[in-house]
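In what follows, a structure is listed as structure tokens, so that the remarks can point back to it.
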Amino acid sequence: MRPLVICLLSLICAPTWAAHGYALWGDLKYPPGFTHFDYVKPDAPKGGELRLVSNLRTSTFDKFNPFTIKGSAPAYLSGLMFDSLLAGAMDETGSAYGLLASDVAVAADGLSAIFKIRPEARFHNGDAVLAADVKFSYDTLMGPYTSPAYKTALEDVAGLDVVDAQTLRYRFKKPNRELPITVGGLPVFSQKWGNALDPKTGKTKSFDQVVTDTPIGSGPYKIGPVKFGKDITYLLDKTYWARDLNVRRGSNNFEKITVKIYKDNTARLEALKAGEFDLMRFFSAGDWARRVTGKKFDSGELVKAEFKHRLPSGFQSYVLNTRREQFKDVRVREALDLAVDYEYMNRQMFYNAYQRVAGMFGNTDCQAKGLPAPEELALLEPLRANLAPATFGPMYTPPRTDGKASLRDNLRQARALLKQAGWEFKDGALRNAQGKAFSMEYLDSSEGGVRTLSPWMRSLDKLGITLKFRPVDFALLQQRWQKFDFDLTTVAYPGTHSPGQEYADIFGSKAADTEDSGNMTGTKNPAVDSLINSMVGAKTKAEFLPACRALERAIAHSHVLIPQWTAGTHRIVYNAWRLEKPKDMPPYSPGEAWAIDTWWAK
């Protein structure tokens, strides 16, 4: 074969990146040949059991396929059972290292990436992991039976080519610095799982019919004993192919991981106190401050600890569905924001345990502050016609009700905005020009949510607005979310240090009309689409930061999200008599993942 042909096939002639890992901006922490991540104990003993409580809001599970739309899969299944080409580290951001792949080579033009699969990589059934399996997994995830979020995140992927049995090439429609990490992080599963035969018809099942078939992945754990719909146990694969690999050494130390499901928060908390499981992360400030007590805490068996992290704060928010007529005017949405008395809530309900969410990218380099920089204005100015005028001023900060401000002042501003938008107080209610009263419904799966909502309800009532609380079971909540059949709800959006194409799913115009997409707000704005494209297409960090900051300004000043609250620590109770842990938590660990990945049994 001629050298030129070889070069074209491998696409590694003069690559911009060819290494044991990949970093968005070229700054990998760990060098070639590193032996293990710094935050693990490389010789941690294997064995014992980690008993967890489900971290999902669902109170049951009815399938083992975590990728299809319908149904609920058990907690932690995907991360424990499916390996990917690359694996991230918990002590750095925007980078990933070879797992199934031994190396990654990105072409000089940024339009393709080559991955070389390790010859020792194996599925649970003993089969070698081949490039054809990676292609099958990609094609399946891009098919009709999986979440549309995959299609959005992979929109700029032109396709995947099998170069040879252990080499594959992803082709990209345009340069996108994040795509090698995105495709490198996709789960890989065996064709023999997705291509299972239906015993009744003898034909190959479509992927939505692969429900309770045991997944054939290549991850460290397999499914063990199951009390279907209640508890599930994952068993360590003692022949796990990557157990001595640098990105896995010191990880996956428990022989068994059992995940239990409880019907409600009270049952879960009482089970923790009774010693039914070993670790639980807390999100309720009230529980953490007043109800994490008992004999096992007094004896030292259960330890209550807060671990400070450097994760993005995320943007947990009240989500206004702008598909609803009463939310279409930005002045109305801003008025609703002004009626939130967060300082009262934090003082009286949250034990001053939280900070207010200010934007989408808090605690990251993408967080916008003060006035737009010249580089941000260069992106915003051509889009001025489709942006709120306030976008060009100081960065949005949530209204306060302490210091110089007060709730009364905020409600006066809200009333003026509502009047400008055509809403007047008449006959005991706020009404539009057609005489229709302003009413909205808050949808939630937790009956206890009305407690935190009640101060806002009282403030809105002073404006003549009726806010109704509608509790539903989580299955119905999911269904209504998928169909965008709600007025108002709460979504805890995770944060990221490297936002990319996934924001087209959350705020993109195309996603607004796609059922089960992440665009809960219904945002359809060409300016937002343009800023997402600028962020995704940035070739340098100097181009990327102005784009993500400009996007944050545009969304914040659109008031489609009313910010809630966040915490800078992981609040965790763990059983100190059963578990050992490394000395320090890596700064970017997402809560329970630190324990699952790196702790071990006494």
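At 1.4 Å probe size, what's the solvent-accessible area of Lys203? Round to the nearest 10 Å².
Estimated to the nearest 10 Å², Lys203 gives 140 Å².
Let me see the pair-distance distribution of the range 235-318: every alpha carbon pair, 5 Å bin width, integer percents in order.
Histogram of Cα-Cα distances, whole percents per bin: 3, 9, 16, 15, 15, 16, 14, 9, 2, 0.
Report relative contact order for the chain in percent, whole number only (criteria: Cα-Cα under 8 Å, sequence separation at least 6).
Reported relative contact order: 20 percent.
Mind listing the phi-derived Karplus ³J(HN,Hα) values for the range 395-401, rounded to whole Hz, using 6.51, -1.76 and 1.60 with θ = phi - 60°, and x for any glycine or proline?
Karplus-based 3J(HN,Hα) across the range 395-401 equals 4, 4, 10, x, x, 10, 10 Hz.
Taking square-rooted eigenvalues a ≥ b ≥ c of the alpha carbon gyration tensor, is the range 87-171 rounded, prolate or oblate, where a/c under 1.5 means rounded and, failing that, a/b exceeding b/c means prolate?
Rounded is the answer for the range 87-171, as its axis ratio a/c remains below 1.5.
Scan around Leu430 for amide H atoms under 5 Å from its own, H built in the peptide plane at 1.01 Å from N, and keep only partners 5 or more places away or cross-chain.
Phe438, Ile465
As an exercise, use a Förster radius of 35 Å and the Cβ-Cβ distance of Val472 and Glu375 to find the FRET efficiency, rounded to the nearest 0.05.
The calculated FRET efficiency here is 0.20.
Gap in Å between the Cα centre of the range 517-575 and the Cα centre of the range 285-300?
36 Å
Can you give the Rg and Dmax of the range 365-512 based on its C-alpha atoms, in angstrom?
Here Rg and the maximum Cα pair distance are 18.8, 51 Å.
Give the accessible surface of the chain per residue, rounded to a whole number of Å², with probe radius 1.4 Å and ligands, DNA and RNA excluded.
Per-residue accessible area for the chain comes out at 43 Å².
In what sequence, largest accessible area first, do Arg408, Arg171, Arg347, Arg431 appear using a 1.4 Å probe? All intermediate terms of the calculation are to be shown ahead of the outcome.
On the way: Arg408 170, Arg171 85, Arg347 130, Arg431 60 Å².
Correct descending sequence by accessible area is Arg408, Arg347, Arg171, Arg431.
In the structure shown, do any of Lys296/Lys602; Lys192/Lys256; Lys70/Lys541; Lys304/Lys602; Lys70/Lys328 have a Cα-Cα gap over 27 Å, and if so which?
Numbers: Lys296/Lys602 17 Å; Lys192/Lys256 25 Å; Lys70/Lys541 39 Å; Lys304/Lys602 18 Å; Lys70/Lys328 31 Å.
Flagged as over cut-off: Lys70/Lys541; Lys70/Lys328.
Quick one: ranking Leu24, Leu379 by accessible area, 1.4 Å probe, largest first, what do you get?
Reading off the accessible areas and sorting them downward yields Leu379, Leu24.
Multiplying the sequence separation of Asp161 and Asn195 by 0.36 nm and subtracting their Cα-Cα distance, what value in nm do you get?
10.3 nm
Keeping the other protein chains in place, figure out the carbon and sulfur percent of the accessible area of the chain, with a 1.4 Å probe. Please report the intermediate quantities before stating the final value.
Numbers: 13510 of 26120 Å².
Carbon and sulfur: 52 percent of the exposed surface of the chain.
For all pairs of alpha-carbon atoms in the chain, what percent lies in each bin of width 10 Å, listed from the first bin to the last filled one?
Once binned at 10 Å, the Cα pair distances of the chain give 3, 15, 25, 27, 19, 9, 2, 0, 0.
Any chance you could check the Cα centroid distance between the range 74-109 and the range 419-497 for me, in angstrom?
Going from one Cα centre to the other spans 40 Å.
Largest first and in whole Å, what are the equivalent-ellipsoid semi-axes of the range 304-382 based on the Cα gyration tensor, each being the root of 5 times an eigenvalue? List each step's numbers first, then the result.
On the way: eigenvalues 145, 104, 27 Å².
Ellipsoid half-lengths, sorted descending, are 27, 23, 12 Å.
At Val491 and Arg412, where each label point lies 7 Å from the Cα along Cα→Cβ, what is the point-to-point distance in nanometres?
Between Val491 and Arg412, the label points sit 3.6 nm apart.
Quick check: from the Cα gyration tensor, does the range 460-602 come out rounded (a/c under 1.5), prolate or oblate?
oblate
The values are calculated or read from the model by the stated rules, or taken from the named source; none is laboratory data. These figures come from a predicted structure and were not determined experimentally. All Cβ positions, glycine included, derive from the backbone under ideal geometry; neighbour counts span all protein chains shown. Quick note on the areas: whole protein, heavy atoms, side chains included, nothing else; ligands and nucleic acids left out. Shrake-Rupley method; radii C 1.70, N 1.55, O 1.52, S 1.80 Å.
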